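Student: Here it is, the structure, as structure tokens.
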Amino acid sequence: MWHRCAVSNSGFSFEITAELGGDTGSRAGKSGDGSGGWPGGGSGMSRAGGLGGTGAGGWVGGRAGVITTPHGVIRTPAFVPVATAAAVKGVTPERMADLGAQALLANAYHLYLRPGHGIVARAGGLSQFMNWPGPTFTDSGGFQVLSLGSGFKKVLAMETAGLGPEAVIAPRQSRMAQVDDDGVTFRSHLDGSLHRFTPEVSMRVQHAIGADILFAFDECTTLMNTRQYQERSVERTLAWAGRCLAEVARLEAADGRTQALYGVVQGAQYEDLRRQAAGDLARLEVDGRRFDGFGIGGALEKQNLAQIVAWVCAELPADRPRHLLGISEVDDLFAAVEAGADTFDCVAPARAARHGAVYTPNGRYNVKRAAYKADFGPLSAECDCYTCASYNRAYVHHLLRANELLGYTLATIHNERFIVRLVDSMREAIEAGGTAFDRLRDDFLNRYFNH
């Protein structure tokens, strides 16, 4: 067991409490103890030490830790449920706390458009507005401006098979978002009204919303953008990052209220761009302000996720936390934790629940199917959530088939608890040491995908 603590500003710190393999298992040149491999990566792939060297602080690979914020601590690795518009759809903040969520992530784009960041500020900030006592994150809005604002898919493609450029970037179509070096002009997906986001505007909006952890405004590209465009985008995101740091320093000096700021690493599937972006953000300091942690963003091909996270983590200082944006598939979570990511967020557990998809240790099933109409067992016999303790499959099946909102609530509680609990078990396995994480990963994934 070893400890490293970085205090970046008042009320925010990060401490590493354990790492995969113990004190030497993930030092430079180490590739683990030979047991297990990367989930989905085939044989011969080792831990992050064998996937790209050591981190800037001398460490790389999975670790457990504690993020301390003004509203409490986050024990990592941790899954952070998404409360896009200051709410997890259909579930009260009190119930989210009951199911084990340590923090929630809201979105600056959505709160800016409705009800307006000024309203949230007047309510006393995000935590008080939504009656959530724990830590909070806000995404910068960059992803939503470029995806929702463009009028295309809500989720950028993680694979390009069967897609042409017109399906993703639509260069000849009328777009609802236009990017330039200063920022992004976009039309609201709600009413078509015209808006302008710059790095400074995003920081002012997030500062007003008042989350504990903010993300720098970045340009989120797709896998269909050219290599040349990805290069320009990485340069633009770095320039925007410097402007975000400067604006946050100005805002903090003006009102004395500090918040943690994460820089966002882009670079698509290119190793050199990912490493360049991570290193540049790690070294960046403006007006005495540096990034308190880092987000790993952009569209990723699923089969390359672990490798990309390892590239990025190899360039980042180990004493600052890393957040992987928009990931919740179980194999992706294992791979990313093992590669060095600390926290994660994704809308998928709640979205899947609203469509009847239920997570269990034996894989996913759809409770809306006719087979569950008269099934009076819990959604999962091994689950300790409120839904499984109080309701049965037949009832949830009925609610969802009847489009009753309670069905969305009960299924979402279950799925969010499943993912929160899974990542908690990864943290406990890292803390246990030895081969505990390898056993957990191999046993869980074998059962989940092969039952």
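Student: Please give the helices (runs of 4 or more DSSP H) falling wholly within region 387-451 in which 2 or more residues are in contact with a Pro (Cβ under 8 Å, 6 or more places away or on another chain).
Tutor: Because the criterion is at least 2 residues that are in contact with a Pro (Cβ under 8 Å, 6 or more places away or on another chain), the helices (runs of 4 or more DSSP H) in region 387-451 that meet it are 405-432, 436-450.
Student: On to the next question. Taking region 252-273, which residues are hydrophobic (A, V, I, L, M, F, W, C) and surrounded by fewer than 16 Cβ atoms within 10 Å (Cβ to Cβ)?
Tutor: Result: A253, A254.
Student: Just the residues that are touching a residue at least 60 places away in the same chain (Cβ under 8 Å), buried (at least 22 other Cβ atoms within 10 Å of the Cβ) and more than 27 Å from G377 (Cα to Cα), please, taken from region 408-440.
Tutor: M426, R427, I430, F437 - these are the residues of region 408-440 that are touching a residue at least 60 places away in the same chain (Cβ under 8 Å), buried (at least 22 other Cβ atoms within 10 Å of the Cβ) and more than 27 Å from G377 (Cα to Cα).
Student: I'm trying to understand the selection: among the residues of region 298-326, which are part of a loop (DSSP other than H, G, I, E, B) and either out of contact with any helix residue (DSSP H, G or I) (no Cβ under 7 Å at 6 or more places or on another chain) or modelled with pLDDT of 95 or more (or both)?
Tutor: G298, A299, E301, L316, P317, A318, D319, R320, P321, G326
Student: How about region 181-216: which of its residues are small (G, A, S) and surrounded by 24 or more Cβ atoms within 10 Å (Cβ to Cβ)?
Tutor: Scanning region 181-216 gives S202, A211, A216.
Student: Within region 363-384, is even one residue surrounded by 21 or more Cβ atoms within 10 Å (Cβ to Cβ) and among the acidic types (D, E)?
Tutor: Checked against the condition, which is being surrounded by 21 or more Cβ atoms within 10 Å (Cβ to Cβ) and among the acidic types (D, E), region 363-384 yields no hits at all.
Student: Just need a number here: residues in region 78-100 that are farther than 16 Å from A211 by Cα, under 19 Å from the mean Cα position of the chain (by Cα) and not in a strand (DSSP E or B).
Tutor: 5
Student: Pairs, please: C-beta under 7 Å, at least 6 apart or cross-chain, first residue in the same structural domain as H117 (by TED's automatic domain parsing) and assigned to a loop (DSSP other than H, G, I, E, B) and in region 214-232, second hydroxyl-bearing (S, T, Y) and at pLDDT below 90?
Tutor: Cβ pairs passing all conditions: L223/T160; M224/T160.
Student: In this structure, is Q276 under 22 Å from F334 (Cβ atoms) and surrounded by fewer than 24 Cβ atoms within 10 Å (Cβ to Cβ)?
Tutor: Spelling it out, it is not the case that Q276 is under 22 Å from F334 (Cβ atoms) and surrounded by fewer than 24 Cβ atoms within 10 Å (Cβ to Cβ).
Student: So I296 ticks every box in (1) touching a residue at least 60 places away in the same chain (Cβ under 8 Å); (2) closer than 26 Å to T76 by Cβ but one. Which box is left unticked?
Tutor: The single condition I296 does not satisfy is (1).
The values are calculated or read from the model by the stated rules, or taken from the named source; none is laboratory data. From a predicted model like this one, the values you see are computed outputs, not experimental measurements. No Cβ is skipped: glycine too gets one built from the backbone with ideal geometry, and neighbour counts run over all protein chains shown.
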